[in-house]
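Notes for the one structure printed next.
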Amino acid sequence: MSVKTKKYPNKKIIICNNFIDQEGNKTKRGSRDDFRSIRARHLLPMQKICNDKNDNALNEWIRNAMVFYDFCNYGLALNNLQKALSAAKKIYPLIFYYIRICEHIVSTPLTIEDISYEKYSEKYNKYPKWIRWIYPKPKNLMRCKWCGRYTDYIYPNVPTYGFMKGENSCTFCGRMYPMPSWLWDSPDGRAYSYFRGSFNGEEFYWEFEKDYDPKPKR
């Protein structure tokens, strides 16, 4: 199941299989050097827009969106992303994918099992600490960013080496890397995954090619 959206960027951005790193060196995407620098690099374009705007509220909305997104709180992440977009239209190419994921999950109905899990978790968290030991602790489940079902939380960086699909996949839809990640769902993160061939199946690559103009194609 692929993530759907009402619109894609009006003009596709060209993403080549190499880029110029922070030291001015030509670096291949999907490489070890790409992986080493991506954590610091993927935030730079967004930081530049925020600094140019010199808007404290914009900075706060982006920071909040990052935290809520990584904690799978799609509703609050979406609220902050929309506020950020209203304050800085130029930021759209950097955040449209986060918005799409959030809109998709917020609009996906919960199953009976998922509702039951939410209710039990909410009830358990309201118990005083001294009485919680009587009741089973809820599993650490989060909503898959692909299908919206509650599945085991798996840290997004757990590797699959491109073929160990079960190491980091949703229990229900089977798609790899089901947890949202501000890093890996960024333009640079998605480009790394695309040119490295990190995913099984064609959904990820189809969607990337709808959003961008990769050169060369995978």
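The values are calculated or read from the model by the stated rules, or taken from the named source; none is laboratory data. These numbers come from a predicted model, not from an experiment. Cβ coordinates were reconstructed from backbone atoms using ideal geometry, including for glycine residues, and neighbour counts include every protein chain displayed.
List of remarks:
- From the options Ser169, Ser186, residue that is within 20 Å of Arg39 (Cβ to Cβ) and either in contact with a Gly (Cβ under 6 Å, 6 or more places away or on another chain) or among the hydroxyl-bearing types (Ser, Thr, Tyr) (or both): Ser186
- Contacts under 7 angstrom Cβ, first residue in the stretch 191-210 being over 18 Å from Arg29 (Cα atoms), partner part of a helix (DSSP H, G or I) and among the aromatic types (Phe, Trp, Tyr), 6 or more apart: none
- If you check Ile49, Ile38, Ile14 for being in a strand (DSSP E or B), on the phi < 0 side of the Ramachandran plot and among the β-branched types (Val, Ile, Thr), only one passes: Ile14.
- Contacts under 6 angstrom Cβ, first residue in the stretch 94-122 being closer than 26 Å to Glu207 by Cα, partner surrounded by fewer than 17 Cβ atoms within 10 Å (Cβ to Cβ), 6 or more apart: Leu94/Pro45; Arg100/Thr5; Val106/Gly75
- Residue identified as closer than 23 Å to Phe208 by Cα and at pLDDT 90 or above among Ile20, Ile49, Ile38: Ile38
- Subset of the stretch 74-118 [polar (S, T, N, Q) and either out of contact with any helix residue (DSSP H, G or I) (no Cβ under 9 Å at 6 or more places or on another chain) or closer than 22 Å to Lys11 by Cα (or both)]: Gln82, Ser86, Ser107, Thr108, Thr111, Ser116
- Residue in the stretch 94-115 that is hydroxyl-bearing (Ser, Thr, Tyr) and under 16 Å from the mean Cα position of the chain (by Cα) present: yes
- Among the residues making up the stretch 56-90, a single one is in contact with a Cys (Cβ under 9 Å, 6 or more places away or on another chain) and loosely packed, with under 15 Cβ neighbours inside 10 Å: Gly75.
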